[in-house]
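Structure, as structure tokens:
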Amino acid sequence: MEIALCRWGFLFLLCLGLSFSVGFSVEGLHGNSRVRGVNLGGWLVIEGWIKPTLFDDIPNSDMLDGTEVQLKSVIGNKYVSADNGGGGAVAVDRDIPLAWETFRLWRVSESIFQFRTSGGQFLTCAGDGDNVTAAAELPSDTETFYLERNNNQIHIKLKTGMYLQASNANQLTADYPGQPGWDDNAATFELIIVSNNLHGDYQFANGYGRDKAEEVYKKHRNNFITVEDFNFLYKHGINTVRIPVGWWIAYDPNPPPPFIGGSLQALDNAFSWAQEYNIKCIIDLHAAPGSQNGMEHSSSRDGTTGWPTSSDHISQTLNAIDFLASRYAQHPSLLGIELLNEPSAALVPLDTLTSYYKQGYTIVRKYSSTAYVIFCQRIGNADPLELYQANLGDANTVIDLHYYNLFDTFFANMSSIDNIQYIYKSRGTQLQSLNGANGPLVFIGEWVNEWNVNGSQTDYQDFGRAQLEVYDAASFGWAYWTLKNERKHWDFEWNIRNNYLQLQLGCSSCRRSWSYAMFLGLAFGFYYGG
């Protein structure tokens, strides 16, 4: 009798586990399945860290837009400083460089630049003989300087040809007599590169100039992702691609400078290839005008975030969503449209974001009643439940969470076991909670088989297996970041070919969500434990 009861208990738990595992499905995907996807990152939105060689031939490539620099007088060993971070005088009087002595470059050409202060103003000089100040809110001719460079030394001059110098009164003035040499003189400054971290579409296009940028971008666009990649994804069980695009795609083939046209035709190609291989597409607006997070993948010019403070930027973004929805809503390969990638929690107010999301939802619904509308969680210190509580839309809505065991000191000293336990306990618990919430489906739109552990192949396999098992329980599904990357562990194709990701992605009957695995474990324990 006890054995019979145990077996009935086993069967009950097993059925319960199965029902929990297959309880969610995504409309438009075959076989009542969920998204098993891969991001096509670094293709139609450029990220230099994914393919650094894209920037190899830019002259003065260490002086791209957004590069942080400091200027030190070689004769006085003092740093140029915008007092109070900008808004007033500029001096050459600081012994130690901090924020006031650090400027962000706006590049006009390989030898012509504007200098932005930490407060957001620009260095300006009205003409020969005048002092340089930092009071201009926007750059024009008087904020534009011509540089002569000799390794780590520079001369700075006005359009008139007059050179700036560090005066005897520790001011920066446009009155150096004659042509300076590269000896110790008042017109020679040491150029110190503090950071050169931004390598996005803005830096790419503005660094090369339009003609060369078009040539390099066309070659990249036509070779980085091809129809053969869709064949590879199909063979390995991937049913969806998430495709990052920039707002300027709505103006293709002639987007506003410095952006380069051609991404719209590539996106059309991706939809055709996807249809050929029965793969669905999510269009992800990765870069908004003004930047929603200050990062290179959002096409920020200098690391600042201007999107949330400009009604024009938000209106322009909604226009891009309207363009994309109207063009692709009836395409059989469209699964959904993601309205904005990774808005910053620190810089994008929640009410601004939810207002935009609601307007974006309405725009998509104007063209489609079934396409999923995807809302990305704010990155940083933000609770995904804030979007569940915002009533963003009535049907086919999705919240996108990005799960990385990186980018936070919390993960810095974790062992391989610690990382894997965190996936099962913390991430698994959160997914179960959100799956049970009344509202949008849950999508792990970005994750990667990389961490801060110097692990063996077996360690990576265990880490990848844990993530696949847990994220497979997400009610909408998941998408790996990214298909191709010169950093091999970020490269989905490399992971598959080298057996670092081992789950049988192509066999839906073989998949077990983390929840199902937990139930199965309980069931067997109950059965054999008597």
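Structure notes:
- Close Cβ contacts (under 8 Å, 6 or more residues apart or on different chains) running from residues in segment 463-477 that are free of Cβ contacts under 8 Å to residues at least 60 places away in the same chain and under 12 Å from Leu434 (Cβ atoms) to residues that are open to solvent by less than 10 Å² (accessible area, probe 1.4 Å) and part of a helix (DSSP H, G or I) are absent.
- Residues that are outside any loop (DSSP other than H, G, I, E, B) and at pLDDT 95 or above, drawn from segment 130-146: Asn131, Thr133, Ala134, Ala136, Asp141, Thr142, Glu143, Phe145, Tyr146
- Any hit, segment 328-338, residues being more than 18 Å from the chain's Cα centre (by Cα) and more than 23 Å from Leu267 (Cα to Cα): no
- Residue among Pro289, Pro257 that alone is open to solvent by 40 Å² or more (accessible area, probe 1.4 Å), assigned to a loop (DSSP other than H, G, I, E, B) and in contact (Cβ under 8 Å) with a residue 12 or more places away in the chain: Pro257
- Looking across segment 451-492, the residues that are of a type in the set (Asp, Glu) and touching a helix residue (DSSP H, G or I) at 6+ places or on another chain (Cβ under 8 Å) come down to Asp459, Asp462, Glu469, Asp472, Glu486.
- Which listed residue, of Gln359, Gln330, is more than 27 Å from Val194 (Cβ to Cβ), assigned to a loop (DSSP other than H, G, I, E, B) and open to solvent by 20 Å² or more (accessible area, probe 1.4 Å): Gln330
- Residue check for Asn170: of a type outside the set (D, E, K, R) and open to solvent by 60 Å² or more (accessible area, probe 1.4 Å): yes
- Of all the residues in segment 363-387, those that are in a helix (DSSP H, G or I), open to solvent by 20 Å² or more (accessible area, probe 1.4 Å) and within 26 Å of Val241 (Cβ to Cβ) number 4.
- Here the condition is being at pLDDT 95 or above, part of a loop (DSSP other than H, G, I, E, B) and more than 12 Å from the chain's Cα centre (by Cα); of Asp322, Asp302, Asp312, it holds for Asp302 alone.
- The residues in segment 194-220 that are more than 24 Å from the chain's Cα centre (by Cα) and touching a residue at least 12 places away in the same chain (Cβ under 8 Å) can be counted, and the count is 1.
- Close pairs from segment 47-70: first buried (at least 16 other Cβ atoms within 10 Å of the Cβ), partner of a type in the set (Gly, Ala, Ser) and part of a helix (DSSP H, G or I), Cβ under 8 Å, at least 6 apart: Phe55/Gly207; Ile58/Gly207; Ser61/Gly207; Leu64/Gly207; Asp65/Gly207
The values are calculated or read from the model by the stated rules, or taken from the named source; none is laboratory data. In this text, all values refer to a predicted model and were calculated from it rather than measured experimentally. In this analysis, Cβ positions are derived from the backbone assuming ideal geometry, glycine residues included, and neighbour counts consider all displayed protein chains. To get the accessible areas, we keep the full protein, side chains included, count just its heavy atoms, and leave off ligands, DNA and RNA. Shrake-Rupley method; radii C 1.70, N 1.55, O 1.52, S 1.80 Å.
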